[in-house]
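What follows is a short report on a single structure.
The values are calculated or read from the model by the stated rules, or taken from the named source; none is laboratory data. Model, not experiment: these values are computed from the prediction. All Cβ positions, glycine included, derive from the backbone under ideal geometry; neighbour counts span all protein chains shown.
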Amino acid sequence: MTHRSTPRHTPPLASFCGSLLKEDVLLNVLTQTSMMSEDGVQRIKNDIVMFKKNLEKLLSTLSSEPRAELKRIVELATRYYEDARFYLERGDVLTAFGCINYAHGLLDAVRIELGLWDVEDEE
């Protein structure tokens, strides 16, 4: 019996992604995106400022003791916000972008749950 280190059939997506990584095509694509430009960095900075404003607004409307699960989600969102700032300061733009988007998504989930979602109020 022969042991194979890789499966006999590689799913098409996995095969495609593997070829991208092997040929450094993915890295080339990422470095050519607008996220790596000064405009991309400024967008992340703006998203960080917007998150802080949205967080302050949410905290001002919360009852003195929100439900434990909502409090936990706000804490997680705040950690992602802090991570975004950390990674941006170190020049890891893509990770900062991912972190601030997670932060916004978590905060939006709390706002939706509390009935505070106002699309017209969005910046």
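Out of curiosity, is R85 modelled with pLDDT of 90 or more and surrounded by 13 or more Cβ atoms within 10 Å (Cβ to Cβ)? Outline the logic, then answer.
On the way: modelled with pLDDT of 90 or more: yes; surrounded by 13 or more Cβ atoms within 10 Å (Cβ to Cβ): yes.
Against the criterion (modelled with pLDDT of 90 or more and surrounded by 13 or more Cβ atoms within 10 Å (Cβ to Cβ)), R85 qualifies.
In the range 18-75, the residue that is modelled with the highest pLDDT out of those that are among the hydroxyl-bearing types (S, T, Y) and in a helix (DSSP H, G or I) is S60.
Whenever a residue of the range 49-68 is closer than 16 Å to N101 by Cβ, its partners that are exposed (fewer than 11 other Cβ atoms within 10 Å of the Cβ) and among the charged types (D, E, K, R), lying with C-beta atoms within less than 7 angstrom and at least six residues away or across chains, give the pairs M50/E123. In the range 96-115, the residue that is farthest from L58 (Cα to Cα) out of those that are among the β-branched types (V, I, T) and surrounded by 15 or more Cβ atoms within 10 Å (Cβ to Cβ) is I100.
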